Amino acid sequence: MEPSAIIAAVLSVVNTSRLIVHLFQNQMQRNRARRQQKLREDMNSERGTDLSQSTGPQPVEIMVAMRHVDPVERRFWARETSTDWWDRIVLHVWDESQWLRNFRMRKGTFLELCELLSPALKRQDTRMRAALTIQKGVAIALWKLATPDSYRSVANQFGVGKSTVGVAVMQVAHAIVDLLLSKVVTLGDVQVIIDGFSAMGFPNCGGAIDGTHIPILGPDHQGSQYINQKGYFSMVLQALVDHKGRFSNINVGWPGKVHDARVFKNSGLFRQLQQGVYFPDRKITVGDVEMPIVILGDRAYPLMPWLMKPYTGALDTKKELFNYRLSKCKGRWRSLLTRSDLSQTNIPIVIAACCVLHNLCESKGETFMAGWEVEANRLAADYAQPDTRAIRRSQRDALRIRDALKASFQSE
């Protein structure tokens with residue numbers, strides 16, 4: 001090869017390299033501008049529901065600059081996935097039984113829920129991503145809460161990214177707690193509740209209380225505090241329910257190692273009952289004793305003038321009914337029966353959201369399908385509820401003393 005030809009070839013390579021370097025530099029400047037623009041947009045809007053892909057140099061753009069391919073205008077950079085199943089099948093084809101089976105509520109209740117949550121879930125499109133619709137975000141969250149499916153499985157089902165599922169669950173859960181908790185999980189008409197328990201054989205009763213353990217992954221800090229008596233990590237949900245099994249008051253977040261009685265005595269519900277301000281002042285006379293409105297608890301709870309515990313096995317049959325009604329919440333939202341991989345901060349939010357959703361379904365008369373109880377029992381078998389008999393033993397002694405005093409008074 002002639003020297004002139006060699007020099008020309010070298011210069012061509014050098015010029016091409018310079019062009020590529022120049023293109024990369026321009027691309028980096030454009031990327032920096034995009035990131036700054038995106039930051040400004042995100043600061044002016046609520047946090048998005050999806051994570052866009054990298055905004056680094058794209059091979060196609062480099063090829064466009066070198067005139068090897070034709071430019072294609074793109075509005076959004078986030079990866080597009082198929083949403084036909086949700087958009088065309090679920091929204092327009094599914095009947096009420098399919099909605100109930102998969103989302104635990106009929107379509108009408110679902111749409112009403114979306115409307116209630118819309119003030120907190122409205123999102124705006126940006127140049128980097130298209131926001132999830134409110135309906136799709138709520139549907140993703142309900143599907144994840146109602147099934148033990150993995151995040152990846154739910155993501156594939158709805159044609160979104162795996163991270164989008166996690167974000168949607170927490171955004172919807174926060175919206176439910178912020179907008180609906182105080183309205184839905186609350187003491188209803190006290191006289192209606194009293195009449196309901198009276199029909200079941202309990203006079204002047206305003207609710208039944210119990211604690212249940214929600215399995216979780218071992219937290220990074222103070223993990224031993226979350227190991228309950230059955231040996232698995234859990235978080236305690238204390239629930240007061242009415243005669244129809246709807247939540248009137250909840251307390252969630254205590255580590256699984258803490259006993260039900262301690263959770264109760266440190267709750268706002270205990271303080272309100274102790275001060276006599278939770279229920280209205282409505283007393284009845286039993287024999288020659290005045291009895292205020294009471295709640296029912298098992299032997300794990302302290303005997304109080306406003307908290308009655310079972311004397312005999314007669315109340316235990318009602319306790320079984322209470323357990324069944326409490327288990328309906330877990331049966332609907334089966335994510336409560338499997339170990340949650342959420343953080344200690346997020347788990348109470350999700351549990352509280354499930355309680356709200358349970359009350360909403362009950363108030364709307366949503367059917368509780370028989371198969372859910374079977375599936376719930378199967379999942380619950382892996383995480384048996386801790387027994388508190390060791391702590392109840394001293395309370396049984398107190399019951400014997402009480403019975404002896406009662407017999408003595410009767411003989412006199």
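Residue separation times 0.36 nm, minus the C-alpha to C-alpha distance between residue 285 and residue 306: what's the value?
6.2 nm
Spin-label model, residue 163/residue 85: points 7 Å from Cα along the beta carbon direction are separated by 2.2 nm.
Taking every pair of Cα atoms in the range 98-214, average 1/r, invert it to obtain the Kirkwood radius, and report Rg/Rh to two decimals. In the range 98-214, Rg relative to Rh is 1.10.
Residues in the range 208-218 carry Karplus couplings, in order, of 10, 10, 6, x, 9, 9, 9, x, 9, 6, x Hz; the curve used is 6.51 cos²θ - 1.76 cosθ + 1.60 with θ = phi - 60°, and Gly or Pro positions show x.
Pairs of Cα atoms nearer than 8 Å and 6+ residues apart set the relative contact order; for the range 133-266 it is 17 percent.
In this structure the range 189-245 gives 38 Å² per residue of accessible area when probed at 1.4 Å with all protein chains present. Pairs of Lys residues in the range 111-259 are counted when their Cα atoms are under 14 angstrom apart and they lie 8 or more places apart or on different chains; the count is 4. Taking only alpha carbon atoms, the range 149-260 gives an Rg to Rh ratio of 1.09, where Rh is the Kirkwood radius.
Taking 41 Å as R0, compute the FRET efficiency from the Cβ-Cβ separation of residue 115 and residue 370 and round it to 0.05. Working from the Cβ atoms, E equals 0.85. Fully extending the segment from residue 384 to residue 97, taken as 0.36 nm per residue of separation minus the present Cα-Cα distance, adds 100.2 nm. Taking amide H as placed 1.01 Å from N in the peptide plane, residue 282 has its amide H under 5 Å from the amide H of 293, each at least 5 places away in sequence or on another chain.
The values are calculated or read from the model by the stated rules, or taken from the named source; none is laboratory data. Note that the structure is predicted; figures quoted are calculated from it, not measured. Please note: Cβ atoms are built from the backbone with ideal geometry, for glycine as well, and neighbour counts cover all protein chains shown. Keep in mind that these areas ignore ligands, DNA and RNA; they rest on the heavy atoms of the full protein, side chains included. Shrake-Rupley method; radii C 1.70, N 1.55, O 1.52, S 1.80 Å.
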